[in-house]
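Take a look at the structure below.
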Amino acid sequence: ISLAAVVPAAGVGSRMGLNHPKQYLKIGDKTILEHTLSKLSQVDTINQIIVAVSDEDGYFENLNLDNLNVTRVSGGKERADSVLNALKSLRSNPPEWVLVHDAARPLVDIADIDNLISSCINAGEGGILACRVKDTIKKGNTHSEHTVPRDQLWQALTPQLFPYQVLLQSLESALEDGALITDEASAMERANQPVQLVCGRSDNIKITTPEDHALACFLMEQQQK
Ligand code: C5P
């Protein structure tokens, strides 16, 4: 199969309170982004990796990406713009499938990625890793208005895997219409395209706050044992 991976890595990490983007924080002896790219490169079916990085980013070029097949493209204003730029860079030689994975999720399990890929390829439709919501979820502003029944709620993770052409078109038209797009699946749902929910490990966290980083350091150490 022809499958390219896209890694949005152009965020500034403002919620981390750092003066450099959060993907350059270290977990052990490697940066978060190096861990993420190393995970993806261990997946046999991934032929190439496109990373969307901000033009002002002076850190990326110093990463140790020796033998990885990684190409840099410019990031955009929001995550979806970064993904779209990466997708457009593949236009001249389009892959059949594209797998999008957040730079900020270095803990992803390779077996989960394999599972997502086979599930989508076998069904011939796109899908995402997701896990069931564990907490009781409230809707409201300063006071709870009501409790959202959680039996049908899932937390969206990445990777998210879709047919390349359909994702490109859906994302383009969603952004043209000014829709709120926080993941690839939201653009696909909007275009009435199927999105399979493939159960993934809940420790595939997105590192956003300093607490997440501390937890990620602990989890990575466990993973590497
Ligand atoms: O900010 P958040 O944690 O939701 O970002 C998710 C992923 O999207 C991160 O890996 C981040 O680097 C990336 N991103 C991007 N371009 C932006 C904003 C975020 O590639 N403009």
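The values are calculated or read from the model by the stated rules, or taken from the named source; none is laboratory data. Just so you know, these numbers come straight off a predicted model, no measurement behind them. So basically every Cβ, Gly included, is an ideal-geometry build from the backbone, and we count neighbours across all protein chains shown.
Pairing each residue of segment 198-222 that is hydroxyl-bearing (Ser, Thr, Tyr) with any residue that is surrounded by fewer than 17 Cβ atoms within 10 Å (Cβ to Cβ) and part of a loop (DSSP other than H, G, I, E, B), provided the two are 6+ apart or on different chains, yields C-beta distances under 8 Å for 202/134.
A quick yes/no check of all residues on (1) modelled with pLDDT of 95 or more; (2) more than 12 Å from the ligand (Cβ to nearest atom):
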site	(1), (2)
13	no, no
16	no, no
29	no, yes
87	yes, yes
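Pairs linking a residue in segment 72-96 that is without any contact (Cβ under 8 Å) to a residue 60 or more places away in the chain to a residue that is more than 12 Å from the ligand (Cβ to nearest atom) and among the polar types (S, T, N, Q), with Cβ atoms under 8 Å and 6 or more positions apart or on different chains, are 73/89; 89/71.
From the list 197, 157, 167, 153, pick out the single residue that is within 16 Å of residue 131 (Cα to Cα) and crowded, with 19+ Cβ neighbours inside 10 Å. Within the list 197, 157, 167, 153, the selection yields 157. Within segment 18-46, the set of residues being closer than 11 Å to residue 216 by Cβ, crowded, with 19+ Cβ neighbours inside 10 Å and charged (D, E, K, R) comprises just one member, 22. Condition first: in contact (Cβ under 8 Å) with a residue 24 or more places away in the chain, closer than 18 Å to residue 58 by Cβ and not in a helix (DSSP H, G or I). Now tell me which residues in segment 24-41 satisfy that. Within segment 24-41, 25, 31 qualify.
Does residue 82 count as closer than 15 Å to residue 7 by Cα, among the polar types (S, T, N, Q) and surrounded by 17 or more Cβ atoms within 10 Å (Cβ to Cβ)? Yes; evaluated as a whole, the condition is true for this residue.
Close Cβ contacts (under 6 Å, 6 or more residues apart or on different chains) running from residues in segment 130-141 that are under 19 Å from residue 201 (Cα atoms) and at pLDDT 95 or above to residues that are among the polar types (S, T, N, Q) and not in a strand (DSSP E or B) comprise 131/202. Put simply, of 172, 184 the only residue that is of a type in the set (Asp, Glu), under 30 Å from residue 91 (Cα atoms), in contact (Cβ under 8 Å) with a residue 12 or more places away in the chain and within 16 Å of the ligand (Cβ to nearest atom) is 184. Any residue in segment 187-197 that is within 25 Å of residue 21 (Cα to Cα), in a loop (DSSP other than H, G, I, E, B) and either in contact (Cβ under 8 Å) with a residue 24 or more places away in the chain or β-branched (Val, Ile, Thr) (or both)? Looking through segment 187-197, none of the residues is within 25 Å of residue 21 (Cα to Cα), in a loop (DSSP other than H, G, I, E, B) and either in contact (Cβ under 8 Å) with a residue 24 or more places away in the chain or β-branched (Val, Ile, Thr) (or both). Tallying residues that are at pLDDT 95 or above, assigned to a loop (DSSP other than H, G, I, E, B) and not charged (D, E, K, R) within segment 55-80 yields 2.
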